[in-house]
Amino acid sequence: MPSAKQSSVMRAVAKSHTKAPVKASIKSSPKIAARKAKSASLPDAKLSKRDLSLARILDAAIRLFATRGYWNSTLEEVATVAGFTKGAVYYHFKSKEHLLLKALETIEARSIDATIAGVAQRGGTPTAQLASLVKYQTQWAATHPEDLAVMVLMSVEIARAKSKIRTLMFRIYRKLATLLETIIDAGKTTGEFSTRQDTRDIVLYLEAVHDGNMLLWYRSGNDPEIGRKLTRATLNGFAHAVQGH
């Protein structure tokens, strides 16, 4: 049976933005994050012919890496899926590693960078900011499920990856951890969140809940109803964790 304080937090998470704003000092600049997120989703009308070609190749690579995995895919196959010659792909990307790095940067911009920008823009209490984080990550996964698949697969394959790939993957997850740490510390300051647990320990748990629920949703075949249930479970899990239960 949840305590009165815990129930209050869970209700606030569900309603999200009801209290006066508390500005979080997010280390990754929201303005920079917003620019990166916007550049990852510009409409085709604003893109040059070269940019359109790059976008088609990156889209094909992400689809292929999501379905076959990075190690089992070739640049020749990416070219076929994108509708280009092998030479055209090599003109833009000198290696498969280079292509993966650009694909991960694209995913980074429209996932965690967009989330950082969205949370900063909406503001609100730390509880509301946690709800916004879940909202934007859920929207990203629903809009770009193949991004999610690439992140899941590369998280598993990261031990085999070269240093540049490992560094980029860790950077993406470090951004998520930093955002969570900032929100949790702000919540401790305002008295919304428990101070009994170390912030880093809470973040580790929240990352596990986040990644585990993302994996469960992807494994369901991106079933919308499963997605809604997992979103509620994530919100409730976050509420329990920040109250130290």
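The values are calculated or read from the model by the stated rules, or taken from the named source; none is laboratory data. Since the model is a prediction, treat every value here as computed from it, not as a measurement. In this analysis, Cβ positions are derived from the backbone assuming ideal geometry, glycine residues included, and neighbour counts consider all displayed protein chains.
Per-residue answers, yes or no, for (1) at positive phi; (2) exposed (fewer than 15 other Cβ atoms within 10 Å of the Cβ); (3) at pLDDT 95 or above:
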site: Ile116; (1), (2), (3): no, no, yes
site: Ala131; (1), (2), (3): no, no, no
site: Met154; (1), (2), (3): no, no, no
site: Ala159; (1), (2), (3): no, yes, no
site: Leu179; (1), (2), (3): no, no, yes
site: Ser194; (1), (2), (3): no, no, no
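Answer yes or no as to whether Ile165 is in contact (Cβ under 8 Å) with a residue 12 or more places away in the chain, hydrophobic (A, V, I, L, M, F, W, C), assigned to a helix (DSSP H, G or I) and over 30 Å from Lys96 (Cα atoms). Criteria not met by Ile165. Give just the number: which of (1) part of a helix (DSSP H, G or I); (2) under 27 Å from Trp71 (Cα atoms); (3) of a type outside the set (Gly, Ala, Ser); (4) in contact (Cβ under 8 Å) with a residue 12 or more places away in the chain does Asn222 not satisfy? That leaves (1) as the condition not met. Collect the residues in the range 83-118 that are within 30 Å of Lys135 (Cβ to Cβ) and of a type in the set (S, T, N, Q), keeping them in residue-number order. Correct list: Thr106, Ser111, Thr115.
Looking only at residues that are assigned to a helix (DSSP H, G or I) and among the charged types (D, E, K, R) in the range 71-109, which one is surrounded by the most Cβ atoms within 10 Å (Cβ to Cβ)?
Taking the range 71-109 and keeping what is assigned to a helix (DSSP H, G or I), we get 75-82, 86-92, 96-109.
Remaining after also requiring among the charged types (D, E, K, R): 76-77, 86, 96-97, 102, 105, 108.
On the way: Glu76: 12, Glu77: 16, Lys86: 14, Lys96: 17, Glu97: 14, Lys102: 16, Glu105: 16, Glu108: 22.
The residue in question is Glu108.
Only one of Ala159, Ala241 is touching a Lys or Arg at 6+ places or on another chain (Cβ under 9 Å), small (Gly, Ala, Ser) and more than 23 Å from Asp113 (Cβ to Cβ); which? Every option except Ala159 fails the conditions. The combined condition, being polar (S, T, N, Q), touching a residue at least 40 places away in the same chain (Cβ under 8 Å) and in contact with a Lys or Arg (Cβ under 8 Å, 6 or more places away or on another chain), is not fulfilled by Thr106.
Is there a residue in the range 44-61 that is more than 22 Å from Gln139 (Cβ to Cβ), in a loop (DSSP other than H, G, I, E, B), at pLDDT 90 or above and of a type outside the set (Lys, Arg)? There is no residue in the range 44-61 that is more than 22 Å from Gln139 (Cβ to Cβ), in a loop (DSSP other than H, G, I, E, B), at pLDDT 90 or above and of a type outside the set (Lys, Arg). Restricting the range 208-235 to residues that are touching a Gly at 6+ places or on another chain (Cβ under 8 Å) and hydrophobic (A, V, I, L, M, F, W, C), which is surrounded by the fewest Cβ atoms within 10 Å (Cβ to Cβ)? The selected residue is Val209.
Going through (1) in a helix (DSSP H, G or I); (2) crowded, with 16+ Cβ neighbours inside 10 Å; (3) modelled with pLDDT of 90 or more one by one, Asp201 falls short only on (2). Any residue in the range 179-197 that is under 22 Å from Asp113 (Cα atoms) sitting within a Cβ distance under 7 Å of a residue that is β-branched (Val, Ile, Thr) and part of a loop (DSSP other than H, G, I, E, B)? List the pairs, counting only those 6 or more apart or interchain. Here the result reads Leu179/Ile26; Thr182/Ile26; Ala186/Val22, each pair linking the range 179-197 to a residue that is β-branched (Val, Ile, Thr) and part of a loop (DSSP other than H, G, I, E, B).
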